[in-house]
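A.B. asks: So that we are looking at the same thing, I have put the structure below in structure tokens.
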Amino acid sequence: MTVLAPAWRPSCPLLLLLLLLLLSPRLHGTSSCSFSHNPISSDFKIKFSTLSDYLLKDYPVTVAANLQDVSHTWAGPGMEVGSGLQRQHLRDQEQFCAKLWHLVLAQRWMERLKTVAGLKIRELLETVDTEIHFVTSCAFQPLPSCLRFVQTNISHLLQDTVAQLEAMKPWITHRNFSQCLELRCQPDPSTPLPPRSPGALEATELPTPPSHSLLLLLLLLLPAALLLLLASVWCWQRRPRSRCRAPGPQEPVPPPCSPQDVPLLQS
């Protein structure tokens with residue numbers, strides 16, 4: 001007797017839905033940058049002071065010379081009269097962005113120094129890094145190409161980092177830094193604006209450098225598209241095929257089926 005074996009097939013729409021649910025957190029990402037608990041310890045100054053005692057005071061490092069100072073961002077022509085409230089609102093909203101940016105660059109230097117330091121110095125660097133490692137939990141965009149770095153010594157970098165931490169510690173749990181995820185450069189006052197043509201619009205802005213966000217989005221979407229394509233091909237190959245059955249007494253005999261179309265269990 002020939003028995004047709006039921007072929008089990010997972011639901012293709014359900015499979016595609018599961019893939020989308022698994023991939024959705026990676027596609028959406030996160031732009032939040034806030035802290036429910038204070039990541040800066042009460043004795044952070046002691047940790048930095050201990051590290052400073054072991055380091056060469058004139059060890060060369062680099063710092064950004066033209067990070068945008070939020071307190072001076074809106075102090076320009078056309079902002080002196082009748083815009084005090086607007087200027088104060090913007091300053092309150094982003095007053096800690098520059099401090100956070102300094103910590104981002106300092107944390108990168110800590111990581112770099114740990115790769116070349118000896119065992120004792122590396123342990124001290126790890127201790128100091130725990131005070132500023134919280135910046136890595138925020139999805140900062142790649143550094144802008146307009147940043148200009150100048151050489152200084154390690155003691156200056158440590159002193160600046162301590163100053164930024166001291167200013168942020170009382171406020172870090174009360175602020176949302178989601179507006180600070182893109183480091184910005186201070187406009188160069190020595191660079192004159194291009195001459196404005198008579199037909200130019202008043203709202204015309206200088207061209208901005210291309211953003212890396214589109215490239216990052218494409219890189220995130222590519223694996224998802226490949227997985228969905230593979231799942232679709234698999235579902236298409238597993239689509240149900242016509243099954244052959246014995247004709248009834250009054251039914252015409254159908255054309256013969258190919259052997260590979262009929263899974264059989266011989267008994």
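The values are calculated or read from the model by the stated rules, or taken from the named source; none is laboratory data. Keep in mind that what you see is a predicted model, and the values were worked out from it rather than measured. All Cβ positions, even for glycine, are placed from backbone atoms using ideal geometry, and neighbour counts span all protein chains on display.
A.B. asks: Would it be correct to say that P187 is surrounded by 11 or more Cβ atoms within 10 Å (Cβ to Cβ), in a loop (DSSP other than H, G, I, E, B) and modelled with pLDDT under 95?
C.D. replies: yes
A.B. asks: Give the residues of the stretch 120-178 that are modelled with pLDDT of 95 or more, assigned to a helix (DSSP H, G or I) and of a type in the set (S, T, N, Q), sorted by residue number.
C.D. replies: Within the stretch 120-178, T127, T130, T136, S137, S155, Q159, T161, Q164 meet the criteria.
A.B. asks: If you scan the stretch 62-89, which residues turn out to be modelled with pLDDT of 60 or more and under 26 Å from the mean Cα position of the chain (by Cα)?
C.D. replies: Hits for the stretch 62-89 are T62, V63, A64, A65, N66, L67, Q68, D69.
Yes/no matrix, rows are residues, columns are (1) surrounded by 16 or more Cβ atoms within 10 Å (Cβ to Cβ); (2) among the acidic types (D, E):
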position	(1), (2)
L125	yes, no
V128	yes, no
E131	yes, yes
S137	no, no
S145	no, no
F149	no, no
S155	no, no
D160	yes, yes
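A.B. asks: Determine, yes or no, whether L119 is out of contact with any strand residue (DSSP E or B) (no Cβ under 8 Å at 6 or more places or on another chain) and either of a type in the set (V, I, T) or free of Cβ contacts under 8 Å to residues at least 24 places away in the same chain (or both). Full working, then the answer.
C.D. replies: Values: out of contact with any strand residue (DSSP E or B) (no Cβ under 8 Å at 6 or more places or on another chain): yes; either of a type in the set (V, I, T) or free of Cβ contacts under 8 Å to residues at least 24 places away in the same chain (or both): yes.
Spelling it out, L119 is indeed out of contact with any strand residue (DSSP E or B) (no Cβ under 8 Å at 6 or more places or on another chain) and either of a type in the set (V, I, T) or free of Cβ contacts under 8 Å to residues at least 24 places away in the same chain (or both).
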